[in-house]
Every structure is written in C-alpha cells, then in structure tokens.
Amino acid sequence: MSRPRLRPLLVREGARFACSGDGLCCTDAHLLGPVRAAERRALEARHPGSTTRTEGMVVLRAGPTGACGFLEAGGRCAIHHAPEKPRTCHRYPFLLVATPDGGRIGTDHRCPCRTMGARPVLDAATVEPSLRDARGRLESDRHVDADVPMALGVHLDWVSYRAAEAVLLGRLQAGERVEAVLASPPMPPFEGGGWEDVGRDLAEDDRPMRWSRANQWAGDALLGLHGHPVAPGRPRPWSDAFDRAQARSPVPRDPEAMLADWVADAIWTLEWAFRGPFTLARAELSTRAAMARWIAARIEAEGARPDRSMAEALLVVELVGLSDPWADLWARVRA
Ligand code: SF4
C-alpha cells in the first residue's frame with residue numbers, strides 16, 4: 001500500500017465554497033492564529049503590539065469586538081497584500097490531509113461563506129495557492145496511514161475503508177438524515193462525569209471572546225436536550241457576519257442538506273481518526289448533530305431564517321468540537 005501523499009489534490013463531491021467577505025474568519029471565532037515565530041517577528045517589527053498569546057499559542061491581537069486589529073471598516077484586511085499577512089489567514093478555511101490517494105481538501109463550516117448562499121463547487125486548482133507554505137510547497141495539516149481504526153481492535157486497510165466511506169458519503173449526498181447514516185445514539189456514557197455537567201461548564205464559560213459565547217450556546221444545547229429550562233436571549237455575537245451572509249443569499253438553503261454537508265466533511269477530513277475509532281466518531285458526530293438541531297431550532301424561534309439558523313448552529317458545534325475539554329471528554333467514552 002502506498003504511503004500518504006499530497007498529490008493529486010482531492011475535493012469531496014458536493015463541497016462548495018467561495019469567499020464572500022462575510023468577515024467571520026477575521027474574528028476570534030478561529031482564534032486568529034496560530035501565528036508562527038517568524039511571522040510574529042515580521043508583524044511586530046511593522047505593527048508593534050499586533051500579536052498576543054492565548055491558549056498556549058501566538059495569535060493576532062483582537063479588538064474589543066473580537067475582530068482582528070487589522071480588520072478595517074467595510075471588512076477589508078489592512079495587510080491583505082503585505083508580506084507579513086500570516087499563513088493562517090491565507091489558509092483559512094481550508095485544511096489538507098495527506099492520504100494514500102492524495103491530498104484531501106477540507107473546509108471549516110463555521111465560516112458562513114462555506115455554509116450559506118450560492119457557492120461555486122470547490123476547485124482544487126483555485127484552492128492550491130492557499131495550501132502552500134512560505135516556500136511554495138503544499139503543506140499538510142495531518143497524515144492518515146493506510147490502516148484506519150474502525151472500532152476497538154478493528155482496522156481496515158485504506159481501500160476497504162474508502163469503499164465503506166463512499167457508501168456513507170453517498171447516502172448523505174442523497175439526502176438521507178444524518179442520524180440514519182451515523183446510526184449511533186448521541187451522548188453516550190463516559191467515565192467520570194455526565195452530559196449535564198458538561199453542559200453547565202460550557203454554559204458558564206465567560207471569557208471575553210466569541211468562542212466562549214459559542215461554548216455557552218453549546219452548553220445550553222446539552223442542558224436543553226436533557227430537559228433543563230434554558231433562558232432565551234443568549235447573545236449571538238457573530239450575527240454581523242451572518243447578517244452579511246443572509247443579505248447576499250436571497251435563496252435559502254435546505255438546513256438538512258447543510259447539516260449533512262458538515263457531517264460529510266467531518267468524515268472526509270478524517271480528523272476523527274486521530275481521536276479514536278470510527279465508532280467513536282459516529283457517536284461524537286451524532287451528539288453534535290443533536291446539539292446543532294437544538295441550537296438551530298432555538299435561533300429560528302428568535303425569528304431567524306432556517307438556513308441561517310442552521311449555519312449559526314454549525315458554527316457553534318464546530319467550535320466546541322475543536323476544544324481540548326471536548327477531546328478529553330471523548331477520550332473517556334468507550335467506543
Ligand atoms: S490579518 Fe487580515 S486576514 Fe488575517 S485575521 Fe486579520 S484582518 Fe483577517
């Protein structure tokens with residue numbers, strides 16, 4: 001079996017994206033980093049105080065609204081054409097996974113340019129410049145070996161995995177409900193805690209950043225799904241970006257298709273394979289899908305359009321899925 005490689009570049013069927021400048025990516029919803037050491041030196045030399053350290057990494061300093069200090073009125077980047085613009089900005093919202101077939105291009109779904117409106121089919125040639133490092137070489141985010149963990153003690157070779165995966169992705173693409181495709185109950189038991197405790201911890205995250213507001217919504221979802229009353233009116237500080245997305249998207253999307261698209265990319269990018277077997281990934285995605293449905297219903301009840309409600313819900317569940325506490329929790333679930 002061949003080793004992981006980056007070429008050819010591969011795009012998942014059904015993936016669509018074009019940057020419409022909605023502006024979410026220039027906020028702390030993607031932590032504005034990490035900024036590498038050489039990039040930090042270049043930024044600080046030209047713009048003293050433009051970086052800071054958070055969550056153990058160097059990031060661009062955000063202003064009081066959570067937006068990057070370089071983000072100008074009108075949504076333009078003040079250093080868009082400057083050499084010191086960090087790679088993380090060039091790369092967002094893409095990621096690249098080396099597999100035995102080639103480099104799989106993935107996309108973040110918390111960006112409304114990914115989820116809302118009429119978006120062109122993702123084109124590898126167009127994306128490729130964003131995936132290069134400072135020396136012009138393709139740079140991967142992770143490598144997946146030929147051996148894929150499916151359940152505790154069970155692995156599939158790459159070709160067999162890819163065939164099984166194609167069936168699941170095809171069912172999602174055909175419009176089957178994500179719960180039927182994932183076929184795994186949400187919120188399985190885990191050692192040393194309960195889901196309501198997780199919900200309370202998330203709901204009490206009061207750090208002054210948009211990411212924390214997303215955690216609060218995630219906490220509300222877990223509490224609401226367990227029958228606890230949740231007070232309405234939780235702020236949605238990313239609304240400015242979704243206002244812009246809705247204004248450029250006169251034709252609403254199907255929220256079910258948006259949820260399925262997110263699940264399909266989560267499978268396709270294989271991030272789950274670094275956390276545990278596919279059985280665990282099914283339960284984890286089922287859990288976040290249930291949370292997304294709860295959040296979307298809540299936002300829709302506030303008067304938002306259904307596709308926008310789902311897009312905002314996907315932002316929340318994608319962000320919570322990136323956090324270390326979430327990863328630690330799933331390490332305690334028996335797959
Ligand atoms: S440097 Fe520019 S592209 Fe990067 S986050 Fe700031 S405003 Fe956005």
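The values are calculated or read from the model by the stated rules, or taken from the named source; none is laboratory data. Not measured: the values here are computed from a predicted model. When we count neighbours, we look across all protein chains shown, and the Cβ atoms used for this are built from the backbone with ideal geometry, even at glycine. What goes into the accessible areas is simple: the full protein's heavy atoms, side chains included, and nothing from ligands, DNA or RNA. Shrake-Rupley method; radii C 1.70, N 1.55, O 1.52, S 1.80 Å.
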Requested in this report: Would you confirm whether any residue within the stretch 260-268 is open to solvent by 20 Å² or more (accessible area, probe 1.4 Å) and either more than 17 Å from D307 (Cβ to Cβ) or free of Cβ contacts under 8 Å to residues at least 60 places away in the same chain (or both)?
Outcome: yes
Query raised in the report: Looking at the stretch 151-202, which of its residues are farther than 26 Å from H228 by Cα, open to solvent by 70 Å² or more (accessible area, probe 1.4 Å) and touching a strand residue (DSSP E or B) at 6+ places or on another chain (Cβ under 8 Å)?
Result: H155, D157
Query raised in the report: Has the stretch 248-256 got any residue that is open to solvent by 20 Å² or more (accessible area, probe 1.4 Å), out of contact with any Asp or Glu (no Cβ under 7 Å at 6 or more places or on another chain), of a type outside the set (D, E) and in a helix (DSSP H, G or I)?
Result: no
Report task. Would you mind telling me which numbered condition in (1) surrounded by fewer than 20 Cβ atoms within 10 Å (Cβ to Cβ); (2) within 17 Å of H109 (Cα to Cα); (3) modelled with pLDDT under 95; (4) not acidic (D, E) A290 fails? Result -> (3)
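Would you confirm, using the coordinates I've provided, whether G49 is away from the ligand (no atom under 12 Å from the Cβ), small (G, A, S) and at pLDDT 85 or above? Break it down stepwise before answering.
On the way: away from the ligand (no atom under 12 Å from the Cβ): yes; small (G, A, S): yes; at pLDDT 85 or above: yes.
Yes, satisfied.
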Query raised in the report: How many residues does the stretch 285-323 contain that are within 21 Å of D265 (Cα to Cα), over 14 Å from the mean Cα position of the chain (by Cα) and among the charged types (D, E, K, R)?
Result: 3
Report summary line: When the stretch 1-52 is checked residue by residue, the ones that are open to solvent by 50 Å² or more (accessible area, probe 1.4 Å) and of a type in the set (D, E) are E13
**Report entry** Residue satisfying condition, being within 13 Å of the ligand (Cβ to nearest atom) and out of contact with any Lys or Arg (no Cβ under 8 Å at 6 or more places or on another chain), within set A118, A163, A62
**Finding:** A62
Requested in this report: Identify all residues within the stretch 269-281 that are outside any loop (DSSP other than H, G, I, E, B) and either of a type in the set (A, V, I, L, M, F, W, C) or surrounded by 22 or more Cβ atoms within 10 Å (Cβ to Cβ) (or both); write none if there are none.
Outcome: W272, A273, F274, F278, L280, A281
Report summary line: The one condition Q216 fails out of (1) free of Cβ contacts under 8 Å to residues at least 60 places away in the same chain; (2) open to solvent by less than 70 Å² (accessible area, probe 1.4 Å); (3) assigned to a loop (DSSP other than H, G, I, E, B) is (3)
Query raised in the report: Can you tell me which residues in the stretch 219-232 are in contact (Cβ under 8 Å) with a residue 24 or more places away in the chain and among the small types (G, A, S)?
Result: A221, G224
Query raised in the report: Any residue at all in the stretch 22-38 that is free of Cβ contacts under 8 Å to residues at least 60 places away in the same chain and hydroxyl-bearing (S, T, Y)?
Result: no
Requested in this report: Could you please find all residues in the stretch 70-86 being touching a Leu at 6+ places or on another chain (Cβ under 8 Å) and either more than 7 Å from the ligand (Cβ to nearest atom) or without any contact (Cβ under 8 Å) to a residue 24 or more places away in the chain (or both)?
Outcome: A78, E84
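Tell me, which residue of the stretch 90-109 that is in contact (Cβ under 8 Å) with a residue 60 or more places away in the chain and within 16 Å of the ligand (Cβ to nearest atom) is nearest to R135 (Cα to Cα)?
Step one: list which residues in the stretch 90-109 are in contact (Cβ under 8 Å) with a residue 60 or more places away in the chain, which gives 92-93, 95-109.
Right, trim to within 16 Å of the ligand (Cβ to nearest atom) and you get 92-93, 108.
Details: Y92: 18, P93: 20, D108: 24 Å.
Step by step, filter the stretch 90-109, then rank; the result is Y92.
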